[in-house]
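What follows is a single structure, written as structure tokens, with notes after it.
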Number of protein chains: 2
Amino acid sequence: MAEKNRDIKALFLGPKGENEKFFSDMLTYLTGDHLSWRRYFHPDDPPAVTPEDMSDRAYQDTLQTTRETLVDLAAKLQEASMPWFSPRYLGHMNSDTLMAASLGYMLTILYNPNNCAYEGSPATTPLEIEVGKQLAALMGYDPRRAWGHITSGGTVANYEGLWVARNLKSVPLAVKRVMPGLVSGLSDRELGNVPHDAVLDLLDSVRAAGLMDDLLAASVRGEGVASHESGMLLVPCTKHYSWTKAADILGIGQRNMIPIRVRDDYRMDTEDLRRILGRLADAGERVLAVVAVAGTTEEGAVDEIHEIAGIRKDMERRGLCFHLHIDAAYGGYARSVFVDGEGRFLPAEEIRKTMLESGVTGPDSRWPSPEVHAAFEAFPEAESITVDPHKLGYIPYAAGAILMRDRRALDLISYFASYVFEKGDDTPMLLGSHIMEGSKAGAVVAAVWAAHRVCPLHIGGYGRVIGSSMEGASIFHRALVAAGSMKARGRTFRVRPLAAPDTNIVVFALNEEGNTSLEIMNRLNRALYEQCSYKSGPVYTNDFIVSKTSLSRSEYGDAPIRFIGDLGIPTGEWTGDAEVFVLRSCVLTPLLSMGEGGDSQAELLLGTIRSKLETALERLVN
Amino acid sequence: MAEKNRDIKALFLGPKGENEKFFSDMLTYLTGDHLSWRRYFHPDDPPAVTPEDMSDRAYQDTLQTTRETLVDLAAKLQEASMPWFSPRYLGHMNSDTLMAASLGYMLTILYNPNNCAYEGSPATTPLEIEVGKQLAALMGYDPRRAWGHITSGGTVANYEGLWVARNLKSVPLAVKRVMPGLVSGLSDRELGNVPHDAVLDLLDSVRAAGLMDDLLAASVRGEGVASHESGMLLVPCTKHYSWTKAADILGIGQRNMIPIRVRDDYRMDTEDLRRILGRLADAGERVLAVVAVAGTTEEGAVDEIHEIAGIRKDMERRGLCFHLHIDAAYGGYARSVFVDGEGRFLPAEEIRKTMLESGVTGPDSRWPSPEVHAAFEAFPEAESITVDPHKLGYIPYAAGAILMRDRRALDLISYFASYVFEKGDDTPMLLGSHIMEGSKAGAVVAAVWAAHRVCPLHIGGYGRVIGSSMEGASIFHRALVAAGSMKARGRTFRVRPLAAPDTNIVVFALNEEGNTSLEIMNRLNRALYEQCSYKSGPVYTNDFIVSKTSLSRSEYGDAPIRFIGDLGIPTGEWTGDAEVFVLRSCVLTPLLSMGEGGDSQAELLLGTIRSKLETALERLVN
């Protein structure tokens, strides 16, 4: 059981730099290898720097300045950086990164390819196309039909998904202007509700007729948002704030965003979604897109995508069609737990059995729940998906990705369309003309590619790493539930997790037994947070680090009532601009579920929280 | 003279890895230093990997897979990467990168900060604010009033500049709805033509009244582009294609973009600009922004920003106000040649004298021209400027930057406004909520910071490196002019540069003496390009590498007529969808003007082109 576990230990540099020798040797080898490459390029060319140059004072001074600058940079980094590498860090979505990714990234910086144009990245543009296909397949898409590429992060990926949706929405009306015969008999309402695939078929017809340029000019990209009604954007209230920015940037307007309520499990309230869509359908309003979140930023909750897809089918029968985008910036890579090496989506029982047998999880594991399992299975129902390699892909910053089910949609956001793909080749000559960004580091793409090679995107590769992190979160959650309360300075405090984690984020709060004031409870948890963060001094000397968030009534509605109730706060406190301050631990480290065994790790965690609480109480008094 | 030159030689790794020892020693030291940092974090914590673990088969296998993956990656990179490092590479906007930047980047990957939130980057968010101020000061802005930050590239920086302009344009009408007293008496036309600073003053009043949220909701970000007429976007026809994407993404619509002609020096035809603006003023139309380009992508031409700023003043007197953005993605860093350590903008004579005395340029140098000098001096007239560290900043990808003259504009694109800056501090707690992107690598910011520290942003730092590259381009250009023609296979070919370079891009073409067919000339130059690019086989074995572009009549109008005429092509060939294929050399390397002296380098270049021409002619025959 323990044996198979150990390969995780060979993937990371390690909290003590356990794999230093391997890492340093590889780095030395790769750097030397690069230098040989330079030297063997026209070996007869004379060197640009001679020994005489090197003895020059200015030369020496310049090197010394470089040395001092880098040593100063190292000092700044050491003084203030977050110890992501340690299992003591249970804060934001960070942990140690894969050695293959860090080394691949560092190596490729020396070659410095720019994936914007093939001519600047003959080595790494093909790698980007390759990882795009790998991630598309991971999402359950057919990689031959799909399209995917790396972005600078989930924010830009979300923009790009919505950009495609907005432009696609305007196509049927543009077709009516350019090739009316293709949409004859359709009412304006019907033109605003053509299903995704049917719009792409329309594009095929327009392309075949050689009228693509005319069509694009008549679409929203040519005429602007003022001439094309986009429709409403529906997002759960747990959305990342990039969606609010997206509605601004893309010219849609924030008043055209409708927030969907969440339930007290912090998943989208699908009944609220159904109600709102029904109302819009009745009113004949247009719906641009519904965004589902797989791994909410604060809670790690996974919206029930299977339910949402079902509701969409119902609405299509009522003549209401819209784009479905999954913001799986956080949770996307977790789909690797659910698939095997052949891309088969595994039954939940088989997943648990495999993880138990390979020592990733213990016998108490109940993850994934039926709803989480069904949600991940339904991923390919969405037209586009955001997923971040720099989150559960354990890649250094900055790497997001956007995946689209049907690559035909690419023409809607492409420039110089005729150069998209060279004949018989999947590699575009000017990637920058088919994506939102322009110049982009080939180095980070190489990092993703190397990571995927070492950790394949299935239950035996990434699945094992991410499965371990899920198990770590589960252990932490169970320990909080089992503890129920803790004593400090002779007083008793309830401790409650927000909800059973859908992924690996554990949110929790404490309240003193008998306190019924939300404000007092918030003050306690804020004081506790300050002890577990950079607020109490350099994080480097801290022994436990968490993050925090606030769930406000204005955003979350009544969802937190059950939670604060469990902590002893009456519903009456949940009024006006109330908000509840909570502690948040993203358990990305796979180490929490390893080592001395889950229970003792959990004991350690609870003990640390208890001692932090002691200090926090002292500070609250003073 | 030679002495001061030499410090450039200590800045780069070098075409032969001349500075290998320094580079490798620093990398080893910095990696070891990082590993110590890991080990000294809670030294009592047990290691996560024991010697027993390391002897495990699965552990060894995983390391071996990582090793093989990285060696394979290195092989792929070596097989196809571009030899940016060599002075033989005179193609795209690439060269060797600064050692300080590469090492700072590689080091910081190990700490992996995310500059999106301060909590994830306590070390590198302050560095980003610092380089933002440095770049703002370089542009001639007051760094205390300005705002700047790193983006993933110039494309995103351009979007952000236009995003601000679009949102600002909608403010006066929104003020009319929220605090009508502030704009009483203004007609709709006047509301669409409030000068930039006056709009920011209006924002101050709204902020003071506590009505900022209401105002933003009533502005275009709240209501969408459909409810706020943005106006026309004027860009020269030499624009980067990111502007076409910007008009799409921001919902403005491409039909609301007006191209400005360029003259045969490839600078914006300012008379055309004046004419178009006059027409729009007469028609009472709204103008969103004028974009000036400082260093066009293909030609390196610098628009006459001083003239454009003057035209703007004239138009303001006629009641037409608009945002002025400079796309200095390419040329921005070159402003460091024009300023001294105190930020004083230097007279052209003083620049030439300093560069000559420090051995950067030779006695024949005429750069900068009076127009280029005046254009750079006028930079601070613009409200926002794009500049790319990964171009003339000699930083590895991906690093762009956006600079704004007045940071008050930030509120127009900010979320969670109350947290922009902590009291008394310049560092925002959530940078991601004030910029377009979200997660972003602290590592690339560290690279920029380290580079600026080693190479200050003035004539004695970056100015020396960039000045050398300008001199290299100048030498190449003069050699082409001096040659006039070259013989190959017993035939004579004219050789002509497109224009005297405003910066360090040299564009040129050849034509056989007596040929009057544009098509035949294009075929010749295409064949020559194929000999000087990846098209003729692996670039690694090539001895001279250029890039290419096509200037089409549809984009460039009549600007190329003089150029093709010089080559012997009659004006009559310039009809329909004509385009002229040209070779393009971005001379970023500072080495071309060094070494054996400019003249012999130029001789070498011409000799190489001549021998390439021989091969090209052979291939054209076969």
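For the reader, a short list of remarks on this structure follows.
- Top-ranked residue in segment A:29-45 [being part of a helix (DSSP H, G or I) and either in contact with a strand residue (DSSP E or B) (Cβ under 8 Å, 6 or more places away or on another chain) or facing chain B (nearest Cβ under 7 Å) (or both); ranked as farthest from residue A:357 (Cα to Cα)]: A:39
- For segment A:535-555, a residue qualifies if it is facing another protein chain (nearest Cβ under 9 Å) and of a type in the set (Asp, Glu), and exactly one does: A:543.
- Residue within segment A:310-326 that is in a loop (DSSP other than H, G, I, E, B) and either on the phi > 0 side of the Ramachandran plot or at pLDDT below 95 (or both) present: yes
- Count of residues meeting criterion [within 24 Å of residue B:601 (Cβ to Cβ), hydrophobic (A, V, I, L, M, F, W, C) and away from chain A (no Cβ under 14 Å)] in segment B:520-534: 1
- Any hit, segment A:441-453, residues being surrounded by fewer than 24 Cβ atoms within 10 Å (Cβ to Cβ) and either touching a helix residue (DSSP H, G or I) at 6+ places or on another chain (Cβ under 9 Å) or basic (Lys, Arg) (or both): yes
- Unmet criterion (only one of (1) among the acidic types (Asp, Glu); (2) within 9 Å of another protein chain (Cβ to nearest Cβ); (3) without any contact (Cβ under 8 Å) to a residue 12 or more places away in the chain) for residue A:201: (2)
- Boolean, residue B:214 is out of contact with any Asp or Glu (no Cβ under 7 Å at 6 or more places or on another chain), of a type outside the set (Lys, Arg) and touching a residue at least 12 places away in the same chain (Cβ under 8 Å): yes
- Residue in segment A:262-276 that is free of Cβ contacts under 8 Å to residues at least 24 places away in the same chain and closer than 27 Å to residue A:406 by Cβ present: no
- Identity of the residue in segment A:46-56, loosely packed, with under 15 Cβ neighbours inside 10 Å and in a loop (DSSP other than H, G, I, E, B), that ends up modelled with the lowest pLDDT: A:46
- Number of residues in segment B:1-27 that are more than 7 Å from chain A (Cβ to nearest Cβ), at pLDDT 95 or above and part of a helix (DSSP H, G or I) equals 3.
- Residue match in segment B:559-566 (condition: within 25 Å of residue B:605 (Cα to Cα), modelled with pLDDT under 95 and small (Gly, Ala, Ser)): no
- Filtered residues of segment A:219-258 (kept if aromatic (Phe, Trp, Tyr) and crowded, with 22+ Cβ neighbours inside 10 Å): A:243
- Residues that are in contact (Cβ under 8 Å) with a residue 40 or more places away in the chain and touching an Asp or Glu at 6+ places or on another chain (Cβ under 6 Å) were ranked within segment A:234-261; the one that is nearest to residue A:279 (Cα to Cα) is A:261.
Conditions tested, residue by residue: (1) more than 28 Å from residue A:260 (Cα to Cα); (2) surrounded by 22 or more Cβ atoms within 10 Å (Cβ to Cβ); (3) touching an Asp or Glu at 6+ places or on another chain (Cβ under 6 Å).
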| site | (1), (2), (3) |
| --- | --- |
| A:507 | no, yes, yes |
| A:523 | yes, no, no |
| A:538 | yes, no, no |
| A:543 | yes, no, no |
| A:549 | no, no, yes |
| A:555 | no, no, no |
| A:580 | no, yes, no |
| A:611 | yes, no, no |
| A:619 | yes, no, no |
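- Residue satisfying condition, being within 7 Å of chain A (Cβ to nearest Cβ) and touching a strand residue (DSSP E or B) at 6+ places or on another chain (Cβ under 9 Å), within set B:120, B:91, B:132, B:140: B:120
A quick yes/no check of all residues on (1) modelled with pLDDT under 95; (2) part of a helix (DSSP H, G or I); (3) more than 11 Å from chain B (Cβ to nearest Cβ):
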position	(1), (2), (3)
A:206	no, yes, yes
A:221	no, yes, no
A:230	yes, no, no
A:233	no, no, no
A:239	yes, no, yes
A:264	no, no, yes
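- Residue within segment B:137-146 that is under 18 Å from the mean Cα position of the chain (by Cα) and in a helix (DSSP H, G or I) present: yes
Yes or no, residue by residue, for (1) part of a helix (DSSP H, G or I); (2) more than 7 Å from every other protein chain (Cβ to nearest Cβ); (3) at pLDDT 95 or above:
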{"position": "B:69", "(1), (2), (3)": "yes, no, yes"}
{"position": "B:75", "(1), (2), (3)": "yes, yes, yes"}
{"position": "B:83", "(1), (2), (3)": "no, no, no"}
{"position": "B:102", "(1), (2), (3)": "yes, no, yes"}
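- Among the criteria (1) facing another protein chain (nearest Cβ under 7 Å); (2) charged (D, E, K, R); (3) part of a loop (DSSP other than H, G, I, E, B), the one residue B:96 does not fulfil is (1).
- Residues of segment B:186-218 that turn out to be among the small types (Gly, Ala, Ser) and surrounded by fewer than 16 Cβ atoms within 10 Å (Cβ to Cβ), as a count: 6
- Whether a residue is at pLDDT 95 or above, over 18 Å from residue A:474 (Cβ atoms) and of a type in the set (Phe, Trp, Tyr) was assessed, and residue A:379 passes this test.
- Qualifying residue in segment A:535-555 (condition: more than 26 Å from residue A:83 (Cα to Cα), part of a helix (DSSP H, G or I) and not charged (D, E, K, R)): yes
- Positions within segment B:337-365 being small (Gly, Ala, Ser) and assigned to a helix (DSSP H, G or I), in sequence order: B:348
- Of all residues making up segment A:389-428, the number that are under 24 Å from residue A:123 (Cβ atoms), in contact with a helix residue (DSSP H, G or I) (Cβ under 6 Å, 6 or more places away or on another chain) and modelled with pLDDT of 95 or more: 9
- Restricting B:157, B:174 to residues that are part of a helix (DSSP H, G or I) and under 27 Å from residue A:111 (Cα atoms) narrows the list to B:157.
- As for segment B:244-254, it holds at least one residue that is among the hydroxyl-bearing types (Ser, Thr, Tyr), within 10 Å of chain A (Cβ to nearest Cβ) and under 30 Å from residue B:497 (Cα atoms).
- For segment A:86-109, the set of residues classified as among the hydroxyl-bearing types (Ser, Thr, Tyr) and farther than 20 Å from residue A:608 by Cβ consists of A:97, A:102, A:105, A:108, listed by residue number.
- When the criteria are applied in full, residue B:479 meets the requirement of being over 22 Å from the mean Cα position of the chain (by Cα), surrounded by fewer than 24 Cβ atoms within 10 Å (Cβ to Cβ), closer than 24 Å to residue B:352 by Cα and in contact (Cβ under 8 Å) with a residue 60 or more places away in the chain.
The values are calculated or read from the model by the stated rules, or taken from the named source; none is laboratory data. Since we're looking at a predicted model, the values are computed, not measured. So basically every Cβ, Gly included, is an ideal-geometry build from the backbone, and we count neighbours across all protein chains shown.
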